[in-house]
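Participant: Mind having a look at this structure? Questions to follow.
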Amino acid sequence: MLEVITDAGPDWPADTDWETLAQRAVCAALCQTPNGELIDKPVCVEVSIKLSDDAEIRQLNAAYRGKDRPTNVLSFPMIQADLLPGIDNTDDGEVLLGDIILAHETCMREAGERAIALADHATHLIIHGTLHLLGHDHEHDSEAEAMEALEIRALETLGLPDPYGDREHGHARPIDEQGT
């Protein structure tokens, strides 16, 4: 069973159902990986999504990554990726997969630069963050290409276009060049 807890800050538009958007994005990401089975396990697998602002993201980025600047998304895995296949039952029946935090101002700016809706960009970032929770990364070109392929397939299941489709040759810069 998958539970996605979503906390949308006051700057995030109230006319978007952020809880449903986050649930769909996390499910879409999980289903593109071998960890998709987590959705159907008897244990409750929890992902926490916080829709915050640049100030909070900047503090977290400085404290945990040594980068004193805001970024669009940060992911904080709570379980090692190599332990994910062994999740079945725990003493309390719950496993916290991790936390994903998005920064409103940065996300708005990036959505504007890409001429896409904030909700669509946030969906992409939540998928991206979920893949980080599952141990995926983009430090090397081959990892980035594999992660992008998962993102593209997950977005496709939600009816959203390839966010990397405008690249001409080779690997596009990561969505979160400022960091996750």
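The values are calculated or read from the model by the stated rules, or taken from the named source; none is laboratory data. Note that the structure is predicted; figures quoted are calculated from it, not measured. Neighbour counts run over all protein chains shown; Cβ positions are idealised from the backbone, glycine included.
Participant: Go through (1) of a type outside the set (S, T, N, Q); (2) touching a strand residue (DSSP E or B) at 6+ places or on another chain (Cβ under 9 Å); (3) free of Cβ contacts under 8 Å to residues at least 12 places away in the same chain one by one and return the number of the condition LEU125 breaks.
Facilitator: Unmet for LEU125, out of (1) of a type outside the set (S, T, N, Q); (2) touching a strand residue (DSSP E or B) at 6+ places or on another chain (Cβ under 9 Å); (3) free of Cβ contacts under 8 Å to residues at least 12 places away in the same chain: (3).
Participant: State which residue pairs qualify: first residue without any contact (Cβ under 8 Å) to a residue 60 or more places away in the chain and at positive phi and inside region 134-157, second residue in a helix (DSSP H, G or I) and surrounded by 14 or more Cβ atoms within 10 Å (Cβ to Cβ) in any location, beta carbons under 7 Å apart, and separation of 6 or more residues or different chains.
Facilitator: GLY135/ALA81
Participant: Does ASP82 qualify as being over 16 Å from ILE126 (Cα atoms) and in a loop (DSSP other than H, G, I, E, B)?
Facilitator: No; evaluated as a whole, the condition is false for this residue.
Residues are listed down the side, and each one gets a yes or a no for (1) buried (at least 18 other Cβ atoms within 10 Å of the Cβ); (2) within 25 Å of PRO42 (Cβ to Cβ):
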{"position": "GLN59", "(1), (2)": "no, no"}
{"position": "ALA62", "(1), (2)": "no, no"}
{"position": "ASN72", "(1), (2)": "yes, no"}
{"position": "LEU84", "(1), (2)": "yes, yes"}
{"position": "VAL95", "(1), (2)": "yes, yes"}
{"position": "ALA111", "(1), (2)": "yes, no"}
{"position": "THR157", "(1), (2)": "no, yes"}
{"position": "ASP162", "(1), (2)": "no, no"}
{"position": "GLY165", "(1), (2)": "no, no"}
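Participant: Any idea which residue in region 14-23 is farthest from ASP120 (Cα to Cα), counting only those that are assigned to a helix (DSSP H, G or I) and out of contact with any strand residue (DSSP E or B) (no Cβ under 6 Å at 6 or more places or on another chain)?
Facilitator: Taking the candidates together, the pick is THR20.
Participant: Using the structure shown, decide if VAL26 is part of a helix (DSSP H, G or I) and either at positive phi or surrounded by 14 or more Cβ atoms within 10 Å (Cβ to Cβ) (or both).
Facilitator: Yes, satisfied.
Participant: Any residue that is within 17 Å of HIS132 (Cβ to Cβ), at pLDDT 95 or above and among the β-branched types (Val, Ile, Thr) - is there at least one of those in region 7-25?
Facilitator: no
Participant: If you scan region 32-49, which residues turn out to be more than 14 Å from LEU97 (Cβ to Cβ) and either in contact with a helix residue (DSSP H, G or I) (Cβ under 9 Å, 6 or more places away or on another chain) or not in a helix (DSSP H, G or I) (or both)?
Facilitator: Just the residues of region 32-49 that are more than 14 Å from LEU97 (Cβ to Cβ), to begin with: 32, 34, 40, 42.
Selection gives GLN32, PRO34, PRO42.
Participant: Identify, please: which residue in region 104-142 is part of a loop (DSSP other than H, G, I, E, B) and acidic (Asp, Glu) and is, among those, nearest to ALA8 (Cα to Cα)?
Facilitator: ASP137
Participant: Which numbered condition trips up ALA81, out of (1) under 16 Å from GLY129 (Cβ atoms); (2) in contact with a helix residue (DSSP H, G or I) (Cβ under 8 Å, 6 or more places away or on another chain)?
Facilitator: Of the numbered conditions (1) under 16 Å from GLY129 (Cβ atoms); (2) in contact with a helix residue (DSSP H, G or I) (Cβ under 8 Å, 6 or more places away or on another chain), the odd one out for ALA81 is (2).
Participant: I'd like to know if region 143-152 contains one or more residues that are more than 23 Å from ASP17 (Cβ to Cβ), among the acidic types (Asp, Glu), outside any helix (DSSP H, G or I) and at pLDDT below 95.
Facilitator: Checked region 143-152: no residue is more than 23 Å from ASP17 (Cβ to Cβ), among the acidic types (Asp, Glu), outside any helix (DSSP H, G or I) and at pLDDT below 95.
Participant: Sticking with this one: Please go through (1) in contact with a Cys (Cβ under 7 Å, 6 or more places away or on another chain); (2) modelled with pLDDT of 95 or more; (3) over 21 Å from TRP12 (Cβ atoms) for GLY93 and return the number of the only condition it doesn't satisfy.
Facilitator: Among (1) in contact with a Cys (Cβ under 7 Å, 6 or more places away or on another chain); (2) modelled with pLDDT of 95 or more; (3) over 21 Å from TRP12 (Cβ atoms), GLY93 violates only (2).
Participant: If you don't mind, there's one more thing I want to ask. Consider ILE101 carefully, then state whether it is free of Cβ contacts under 8 Å to residues at least 60 places away in the same chain and closer than 16 Å to HIS128 by Cβ. Steps first, please.
Facilitator: Numbers: free of Cβ contacts under 8 Å to residues at least 60 places away in the same chain: yes; closer than 16 Å to HIS128 by Cβ: yes.
It is true that ILE101 is free of Cβ contacts under 8 Å to residues at least 60 places away in the same chain and closer than 16 Å to HIS128 by Cβ.
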